[in-house]
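Q: The following block contains the structure, expressed as structure tokens.
The values are calculated or read from the model by the stated rules, or taken from the named source; none is laboratory data. Everything numeric here is computed off the predicted structure, so don't read it as measured data. In this analysis, Cβ positions are derived from the backbone assuming ideal geometry, glycine residues included, and neighbour counts consider all displayed protein chains. Protein only, heavy atoms only, side chains kept; ligands, DNA and RNA dropped before computing areas. Shrake-Rupley method; radii C 1.70, N 1.55, O 1.52, S 1.80 Å.
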Amino acid sequence: MNLSQREQKIWNDIESWQYQLSQQDSTDFQRAYDKWLKSSFAKLPGSKKTEFFAKADQWLFHLHALIQSSQSQLDARNRILSNARLFEEEIEHIEDLRQLTIDQLIYITEQQVARHRLYSFVQGAATGAGGMLLLAADLPLMIAINLKAVQLIATTYGYDVNKPYEMMLALKVFHAAILPSRLQQYAWRELLEELEQDEYGLFFYEGAEDIIDSGTVQVVLTQILKVFAVHALRRKVMQGIPILGVAVGSTVNYRMTRNVTEFTHRFYQMRYMLEKQS
């Protein structure tokens, strides 16, 4: 690899993180849980499973488009470009961001990461303290916050997620990033294989467009269990505030966004490094 000393250090950090990811193993309980979930899905008619996953994918595509066209996302894109111009005045378009050094990209990305981890923490605390409406909205809001974070990290590294290929890749990165850690190593390998197909800079996506699978269902069930736990803990109040509910909601949501943003950042760092070869 034709990398600078600083880039080589970051590359070594990514490889270390990648090795730790590959060492994640399931506990006996997790293996039993995975087996139960698979057997439960196996009992469903094939047509019902296909329909369920197709509708879930469709909903995710619509959410992606809704977030991308929102004013807050457009403002965030403009902030990224403005921050980039502090380092390189001639930057005008998203693709121009790849002219920046890896340290400059990391600096801008960490601003996005910190902001969305705070959003997630506050949203979780509000879920723990709020009523049934906030409890019901917890899962859609968490998906939206984390998908928005993935989009902006991709944007910071110079990939316009309005383009079909980049949109599909960002959605697959999002899916991989929300998976339990024991499943992420397999999704990571698939993402690296996706990058090999982009050797010639594809515009349209030519791979399988399925995103949601049984692994995603585990994440949804975990979030639903969290909502039930928060609801139960809301009865334990101190000075009128459900402290335990707030603590559980904010901690679980923050941890999820931390994992999502770290996984996503590592992926786009590696993509940047791999493109340095060519």
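Q: Return the FRET efficiency for the residue pair R79, I243: r is the Cβ-Cβ distance, R0 is 25 Å, and the value is rounded to the nearest 0.05. List each step's numbers first, then the result.
A: Values: r = 35 Å, r/R0 = 1.39.
For R0 = 25 Å, the calculated efficiency reads 0.10.
Q: Please give the contour-minus-distance gain from R182 to L86: 0.36 nm per residue of separation, less the Cα-Cα distance, rounded to one decimal in nm.
A: Once the chain is fully extended between R182 and L86, it gains 30.6 nm.
Q: So how do 7-19, 136-148 stack up, highest first, on mean other-Cβ count within 10 Å?
A: Taking the mean over residues of other Cβ atoms within 10 Å, the ranking is 136-148, 7-19.
Q: Can you tell me the accessible area per residue over the chain, all protein chains present, probe 1.4 angstrom, in square angstrom?
A: 53 Å²
Q: Sticking with this one: Run the accessible area of region 66-152 with a 1.4 Å probe and give the carbon-and-sulfur part as a rounded percent.
A: On the way: 2520 of 4160 Å².
It is 61 percent, rounded to a whole number.
Q: Pairing the Cα long axis of helix 46-68 with the longest principal axis of the chain, what angle in degrees results, from 0 to 90 and rounded to the nearest 10?
A: For 46-68 against the chain, the angle is about 60 degrees.
Q: So, counting K/R as plus one and D/E as minus one, what does the shell of residues with Cβ under 14 Å around Q73 add up to?
A: +2
Q: With a point put 7 Å past each Cα toward its Cβ, work out how far Q99 is from S69 in nm, to one decimal.
A: 3.1 nm
Q: Please name whichever of P45, Q223, L141 sits farthest to the positive end of the charge dipole of the chain, dipole taken about the Cα centre and charges placed at Cβ: Lys and Arg +1, Asp and Glu -1.
A: Most positive-ward Cα: Q223.
Q: Label Q24 and E262 with points 7 Å out from Cα along Cα→Cβ: what is the distance between them in nm?
A: That separation, rounded to one decimal, is 1.0 nm.
Q: Angle between the Cα long axis of helix 243-277 and the longest principal axis of the chain, 0 to 90 degrees, nearest 10?
A: 20 degrees
Q: Might you work out the accessible area of H93 for me, using a 1.4 Å probe with all protein chains in place, and round it to the nearest 10 Å²?
A: Spelled out: H93, probe radius 1.4 Å, area about 120 Å².
Q: Moving on. Label-point separation (nm) for K48 and L195, each offset 7 Å from Cα along Cα-to-Cβ?
A: The answer from the label model is 4.0 nm.
Q: Next up: Give, as a single signed number, the net charge of other residues whose beta carbon lies under 13 Å from the beta carbon of H265, with Lys and Arg counted +1 and Asp and Glu -1.
A: On the way: positive: R117, R258, R266, R271; negative: D13, E110, E262.
So the environment of H265 carries a net charge of +1.
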